[in-house]
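Worksheet: the structure to be examined is printed underneath.
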Amino acid sequence: MSENTEYTDIEIIVFEDDAGNELEMQIVDEFDHEGGHYLALTAPIDDDSEEDEDAVSFFLSKGEGEELEVELVEDKKLLDKLADILEDRLLSK
């Protein structure tokens, strides 16, 4: 792969908060764990971004498409487990 290769299969989802503000997030991965479906999301990476490229947030997802609702995972033990699963999945690709 050349250095100039662009990744065009990056999935972006847009959330709208209660105030109507839009927030774009890039889907790093999604997987099922103990009966829940989880999304690993990060801020989209661009050349001007100063955000931490390695910062990933995990969300429990419910519904699909326009009905998609997500809940931020805040439980430390669950976050550690999800991070381990994500690492294993990314290393196996």
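The values are calculated or read from the model by the stated rules, or taken from the named source; none is laboratory data. Not measured: the values here are computed from a predicted model. Because the Cβ atoms are built from the backbone with ideal geometry, glycine has one as well, and the counts that use them run over all protein chains shown. Note: accessible area is taken over every heavy atom of the protein model, side chains too, but ligands, DNA and RNA are not part of it. Shrake-Rupley method; radii C 1.70, N 1.55, O 1.52, S 1.80 Å.
Quick test for you: out of TYR7, TYR38, pick the one residue that is modelled with pLDDT under 80 and of a type in the set (Phe, Trp, Tyr). Quick ask: steps written out before the conclusion?
Details: TYR38 fails: modelled with pLDDT under 80.
Testing whether each residue is modelled with pLDDT under 80 and of a type in the set (Phe, Trp, Tyr) leaves just TYR7.
Restricting attention to region 76-88, does a residue exist that is surrounded by 10 or more Cβ atoms within 10 Å (Cβ to Cβ), at pLDDT 95 or above and in contact with an Asp or Glu (Cβ under 7 Å, 6 or more places away or on another chain)?
There is at least one residue in region 76-88 that is surrounded by 10 or more Cβ atoms within 10 Å (Cβ to Cβ), at pLDDT 95 or above and in contact with an Asp or Glu (Cβ under 7 Å, 6 or more places away or on another chain).
Scan region 64-82 and report the pairs whose first residue is within 13 Å of LEU39 (Cα to Cα) and assigned to a strand (DSSP E or B) and whose second residue is of a type in the set (D, E, K, R) and open to solvent by 100 Å² or more (accessible area, probe 1.4 Å), with Cβ atoms within less than 7 Å and a gap of 6+ or a chain change.
That search, which allows pairs on different chains as well, returns GLU69/LYS62.
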